[in-house]
1. Please specify each residue of segment 77-116 satisfying the condition of being among the small types (Gly, Ala, Ser), surrounded by fewer than 17 Cβ atoms within 10 Å (Cβ to Cβ) and modelled with pLDDT of 75 or more.
2. Right, Cys33: closer than 22 Å to Val134 by Cα and not hydroxyl-bearing (Ser, Thr, Tyr) or not?
3. Condition first: closer than 15 Å to Arg127 by Cβ and part of a helix (DSSP H, G or I). Now tell me which residues in segment 32-63 satisfy that.
4. Considering segment 34-61 alone, what residues qualify as being among the aromatic types (Phe, Trp, Tyr) and either surrounded by fewer than 21 Cβ atoms within 10 Å (Cβ to Cβ) or over 25 Å from Leu115 (Cβ atoms) (or both)?
5. With the condition kept exactly as written, say whether any residue in segment 117-134 is of a type outside the set (A, V, I, L, M), over 14 Å from the mean Cα position of the chain (by Cα) and either modelled with pLDDT under 90 or crowded, with 18+ Cβ neighbours inside 10 Å (or both).
6. Kindly indicate whether any position in segment 26-33 is within 14 Å of Lys82 (Cα to Cα), outside the structural domain of Gln125 (by TED's automatic domain parsing), touching a residue at least 12 places away in the same chain (Cβ under 8 Å) and surrounded by 12 or more Cβ atoms within 10 Å (Cβ to Cβ).
Amino acid sequence: MSLEKLIQRCANKDRKAQEEVYRLFAGKLFALCLKYSRNKTEAEDNLQDGFIQIFDKVKQFKHKGSFEGWMKRIVINTALQKYREKNVLNLVNDNAIEDEVVVEVEEVEISLDYLLNLIQELPNQYRLVFNLYVLDGYSHKEVAKALNISEGTSKSNLSRARGILKNKIEWNQQEPGQYKAY
């Protein structure tokens with residue numbers, strides 16, 4: 001069955017079609033949820049809540065752009081909304097934009113799992129800005145709008161996130177075996 005037909009059936013509340021869409025996209029969306037969650041349990045909750053939103057809003061999909069991209073936006077927005085509701089999103093409002101931190105990736109060998117663990121350990125405000133900007137390609141303007149902060153705060157929080165990650169990676173290189181997830 002074509003994706004367009006599945007989407008149409010989902011819009012008509014067809015549970016079998018919803019099951020099929022879940023089966024097709026849950027893996028990719030779960031990986032996305034891991035980026036915006038502190039742990040696997042929270043990621044599972046975000047995935048579940050994201051799919052509820054997707055199926056509630058599927059009639060709003062205009063068949064312009066990819067369905068997967070549309071779903072990713074919903075999942076990200078669902079995760080961000082949960083943080084806003086819990087008031088755990090205390091973004092640092094710093095007008096001083098620090099110099100951009102650069103990590104020489106080619107000099108450092110780390111696993112993707114290890115890097116994701118480091119990202120999950122970032123304070124919420126830095127993790128969310130880092131994920132939106134670096135991993136999901138949002139502009140600082142889009143990050144600012146999504147998180148209700150200024151563009152300067154977005155840039156500052158990104159710089160601080162990169163600095164924390166750089167320090168942790170450098171520390172791991174000096175203290176091998178401490179947090180490696182190879």
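The values are calculated or read from the model by the stated rules, or taken from the named source; none is laboratory data. What you see is a predicted model; the values in this text were computed from it and never measured. Positions of Cβ are backbone-derived with ideal geometry, glycine not excepted, and every protein chain shown enters the neighbour counts.
1. Kept after step one, since they are among the small types (Gly, Ala, Ser), are these residues of segment 77-116: 79, 96, 111.
Filter again for surrounded by fewer than 17 Cβ atoms within 10 Å (Cβ to Cβ), leaving 96, 111.
Ser111, the sole residue that qualifies.
2. Working: closer than 22 Å to Val134 by Cα: yes; not hydroxyl-bearing (Ser, Thr, Tyr): yes.
For Cys33, the condition - closer than 22 Å to Val134 by Cα and not hydroxyl-bearing (Ser, Thr, Tyr) - is met.
3. First pass over segment 32-63, keeping only residues closer than 15 Å to Arg127 by Cβ: 32-39, 42-43, 46.
Within segment 32-63, Leu32, Cys33, Leu34, Lys35, Glu42, Ala43, Asn46 meet the criteria.
4. The first filter runs over segment 34-61 and keeps only residues among the aromatic types (Phe, Trp, Tyr), leaving 36, 51, 55, 61.
Residues satisfying the conditions are Phe51, Phe55, Phe61.
5. Within segment 117-134 (the criterion being of a type outside the set (A, V, I, L, M), over 14 Å from the mean Cα position of the chain (by Cα) and either modelled with pLDDT under 90 or crowded, with 18+ Cβ neighbours inside 10 Å (or both)), the answer is no, since none of the residues qualifies.
6. Step one: filter segment 26-33 for residues within 14 Å of Lys82 (Cα to Cα), giving 33.
Okay, now just the ones that are also outside the structural domain of Gln125 (by TED's automatic domain parsing), so 33.
Right, trim to touching a residue at least 12 places away in the same chain (Cβ under 8 Å) and you get 33.
Now drop any that are not surrounded by 12 or more Cβ atoms within 10 Å (Cβ to Cβ), which leaves 33.
Yes, that holds for at least one residue.
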